[in-house]
Structures are given as C-alpha cells and as structure tokens.
Amino acid sequence: MPHGPLSLPARLCLLAWDTDPARLSALVRAGALAELARRGLLTDDDGIATPVDLDSRTGDPVLDGLLELITESFPHRWRVWVTLHARHTLDAVREQLVAEGVLRAEKHRVLGVFPSVEHVLADTARADALHREAHQVLDGSASAESVPEPTAAALALAAAAGLPKPLDGPSRHRHAEALIRRAGASAPGFEPILRELCAGLADGAPLASPTRGR
C-alpha cells in the first residue's frame, strides 16, 4: 500500500470515510475480526468466533482490544460480532490513525458547553489511493490475483458493505467473489469466515450517504 502499511481495519476506516458512523463501525469491526482470523488467533467453532489461545496477543492495540473483548464475553456468531460494541473498535482505530498523522482530532464544544471531538482526514492522498485501488479491482481493471491477500480481504468486505460507489451489478459480484477466494488462500479455514463477515455487512448495505467529519 502507498505510504506504508495499514492494518486491515484501518484501511477500511479510510475507504469508508465520511459515511454513517454506525455503518462505518460495522465495517471496521469486520476488518478487525477478519485480521484476527487470518492470523489464526480466532477460529470458527460451529459458527462461533472462538479465540485459539486465551493468552495470545498481536501487539496491535486495536486487535488486542477486540481479542480481549471476545475472550471475556459470552460466545457469539461472527455476524453478531460485526455490530456488537463495534464502536469500541472504531474509536481505537481512529486513535491509532490520529497517532500516525492520518487523521486529525479537533476538539470543540456542542452548544458551547459539551466537549466533543471531530475527526478530520489529514492524509487525503492515502485515502484517495485506497479508493483508486478499490475501483480498479472491483471494476475489473486489475485482477483480484494481482493484489496481496490482506488487501483482497479488505476489498471483499468493502464490496459487501456497498463500497466503493457507484460500482454495482453482476460484474461487481463476480469480482467480489474473486477477492474472497484470493483472500481465503491466506489461511486455512479463512474463506468461510470471510464469507460470514461479508454476509453480516451485506445485511446492512448499502452504506448511508456521506456525512462530514466524525
């Protein structure tokens, strides 16, 4: 990826920037779940997202926070975890992107009284590069086999959520399927998990109309 590596949930956060926060939360959470599964830290146990090792950590605070939440919570299916407390993961990703200079946190007061923070995209070049790549792959200009497996996973999830606009129709579905297969090759058992996450996102697609700032 241009300008250095981004985690899978961070890529999705930028790709879906300026969309409804509730839908953005679900997409970013799905990315974090996919990354944990791709790394072999979450596995599928009869449809349940299950930690492989209760003591495993990645060193990434976003992923480790989610892994800890899943470990300490009642078992749930993948689709449930796409939305359950998903805002926590989005908040952690935004903090990470602020620390890396990709986002800028601007403090202000609502009604002149209540403190609030609005996140503004600082690195527009990186976000634009992600959008160009997504369009090239999903419209068939570039093949799914030409992108790295983590990127294929991110684009498959984005497509399931209805991004990027205005791509649509049977060709989009065909390219999305190719991305799922490409991403699924990254780890044993990952493809069916990715399909579950995509289905969970598709239940709420398309993403809402853009809104400014967050």
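The values are calculated or read from the model by the stated rules, or taken from the named source; none is laboratory data. Computed from a predicted structure; not experimentally measured. Using ideal geometry, Cβ is built from the backbone for each residue, glycine included, and neighbour counts are taken over all protein chains shown. What goes into the accessible areas is simple: the full protein's heavy atoms, side chains included, and nothing from ligands, DNA or RNA. Shrake-Rupley method; radii C 1.70, N 1.55, O 1.52, S 1.80 Å.
Structure values in brief
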{"read-out": "Around Gly184: net Lys/Arg minus Asp/Glu count, Cβ-Cβ under 9 Å", "value": "+1"}
{"read-out": "Loop-resident sites, the range 1-97, for trypsin sites (Lys or Arg not before Pro), counting at most 15 other Cβ within 10 Å (DSSP)", "value": "Arg57"}
{"read-out": "Estimated FRET transfer efficiency when R0 is 25 angstrom, pair Ser141-Asp20 (beta carbons, to 0.05)", "value": "0.35"}
{"read-out": "16 Å cut-off, amide nitrogen to a point 7 angstrom out along Ala105 Cα→Cβ, residues in the range 48-70", "value": "61-62"}
{"read-out": "Total charge dipole magnitude, the range 121-190, about the Cα centre, Cβ charges on Lys, Arg, Asp, Glu only, Debye to nearest 20", "value": "120 debye"}
{"read-out": "Inverse of mean 1/r across different Cα pairs in the chain, Kirkwood, Å", "value": "17.3 Å"}
{"read-out": "P(r) tail fraction, the range 49-112 - alpha-carbon pairs more than 20 Å apart, %", "value": "41 percent"}
{"read-out": "Accessible surface of the chain, 1.4 Å probe, proportion on carbon and sulfur as whole %", "value": "53 percent"}
{"read-out": "Listed residue (Ser186, Ala154, Leu130) projecting farthest to the positive dipole end of the range 116-190, Cβ model", "value": "Ser186"}
{"read-out": "For the range 29-83, the fraction of alpha-carbon pairs in successive 5 Å shells from zero, as %", "value": "4, 21, 39, 27, 8, 1"}
{"read-out": "Mean accessible surface per residue for the chain, computed with a 1.4 Å probe while every protein chain stays in place, in Å²", "value": "47 Å²"}
{"read-out": "Test item: Cα-centred dipole of the range 1-156, Lys/Arg +1 and Asp/Glu -1 on Cβ, debye", "value": "440 debye"}
{"read-out": "Whole-number D in µm² s⁻¹ for the range 53-159, Kirkwood Cα-pair radius fed into Stokes-Einstein, 10 °C, 1.306 mPa s", "value": "95 µm²/s"}
{"read-out": "222 nm mean residue ellipticity, helices alone, for the chain (DSSP H n ≥ 4; -39,500 (n - 2.57); rounded to 500)", "value": "-16500 deg cm²/dmol"}
